[in-house]
1. Mind counting the residues in segment 46-55 that are modelled with pLDDT under 90 and open to solvent by 80 Å² or more (accessible area, probe 1.4 Å)?
2. Would you mind stating whether residue 82 is of a type outside the set (Ser, Thr, Tyr) and under 30 Å from residue 246 (Cα atoms)?
3. Considering segment 15-45 alone, what residues qualify as being within 13 Å of residue 120 (Cα to Cα) and buried (at least 16 other Cβ atoms within 10 Å of the Cβ)?
4. Search segment 200-249 for residues being touching a Pro at 6+ places or on another chain (Cβ under 7 Å) and more than 16 Å from residue 22 (Cβ to Cβ), and hand back the single one that is surrounded by the most Cβ atoms within 10 Å (Cβ to Cβ).
5. Can you tell me which residue within segment 250-265, out of those that are over 12 Å from residue 118 (Cα atoms) and of a type outside the set (Ser, Thr, Tyr), is surrounded by the fewest Cβ atoms within 10 Å (Cβ to Cβ)?
6. In this structure, is residue 22 over 25 Å from residue 224 (Cβ atoms), assigned to a helix (DSSP H, G or I) and over 18 Å from the mean Cα position of the chain (by Cα)?
7. If I filter segment 206-217 for residues that are modelled with pLDDT of 75 or more, over 30 Å from residue 106 (Cα atoms) and of a type in the set (A, V, I, L, M, F, W, C), do I get at least one hit?
8. With the requirement that a residue be open to solvent by 50 Å² or more (accessible area, probe 1.4 Å) and of a type in the set (S, T, N, Q), what does segment 1-14 give you?
Amino acid sequence: MAVVFASLLVAATLAVVAAVAVRTERTAAGVSPSFLDSFNTLFLMFLIAAIALAGMSLSKFCSGFGGDVARVYLPTVALQLLTAGAVVLFSRHAGVRINFKPDFSALKNGVLYFVPTLSILLAGAGVALFYKAVFGGEIARQDVVSMFMELDGFFPKAFACLSIVLFAPIAEELFFRGLLYPVFKGAFLTVLCGGSPECANVLGRKTATVAAAAAVSFLFSLIHASAYAALPIFLMGLVLVCAYERTNSIVSPVVAHSLFNLVNVAMLSAL
């Protein structure tokens, strides 16, 4: 019975995400694909490797500090700011257009797309319930979740919230939706439509969009390094792509992502 209920929770989330995608496809402003030449493709790979190396170096440098704030959240915030800055500089260099304008439409749609992200919590509950029914135990909390719950004092929690609710959504949306999504879209269009932004093959354009959304969402779930949360985070990534497609403003997915993280922080603080 528990397995059936868990499956229904995941199915309900899939239905919500599918409905969001269909609705978005009908009203989307659209995100322009970006076509990188060989040099900029290699430059992007180098940039990603450099950011990863910087993250590991910062983590090791701060590992000897006392307290989780200085040891974990300080290098995390530094990496988030570094990532955001690197993405902005690379996008301007390579001609990847990212709309940062926080107009009313972008803000409103960010809030509207936040609402279906709440269904992601159903998928998470379904996965946890399925795991308990099949393996007979509770899923271990992610280290970052346990660490946040163990923080004591106003300043440590406020600093952690700043990282989770503000800097993480900005850095992750700039990197995944703002940079990688249009680049992947351009790469798939090149394969399917010969690289033409005005590809006459409607099926090819739609396939390129879906493939780019799936690829970026898969990578988005991968960096969170949680097997049980992989599906919910993947679905979350799809909703955030839809938010970006709806307005062609990176502000919309940032707002939706930030509100979702805020809800999770509030839930953890209430436990």
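The values are calculated or read from the model by the stated rules, or taken from the named source; none is laboratory data. Bear in mind that the values here come from a model prediction, so they are computed numbers and not experimental data. Cβ: placed from backbone, ideal geometry, glycine included. Neighbour counts: every protein chain shown. The accessibility values were calculated without ligands, DNA or RNA, using every heavy atom of the protein model including side chains. Shrake-Rupley method; radii C 1.70, N 1.55, O 1.52, S 1.80 Å.
1. 0
2. Numbers: of a type outside the set (Ser, Thr, Tyr): yes; under 30 Å from residue 246 (Cα atoms): yes.
When the stated conditions are applied, residue 82 passes them.
3. Filtering segment 15-45 for residues within 13 Å of residue 120 (Cα to Cα) gives 15-18, 20.
Hits for segment 15-45 are 16, 17, 20.
4. My answer is 244.
5. 265
6. Answer is yes for this residue.
7. No, there is no match, as no residue in segment 206-217 is modelled with pLDDT of 75 or more, over 30 Å from residue 106 (Cα atoms) and of a type in the set (A, V, I, L, M, F, W, C).
8. Answer for segment 1-14, where residues must be open to solvent by 50 Å² or more (accessible area, probe 1.4 Å) and of a type in the set (S, T, N, Q): just 7.
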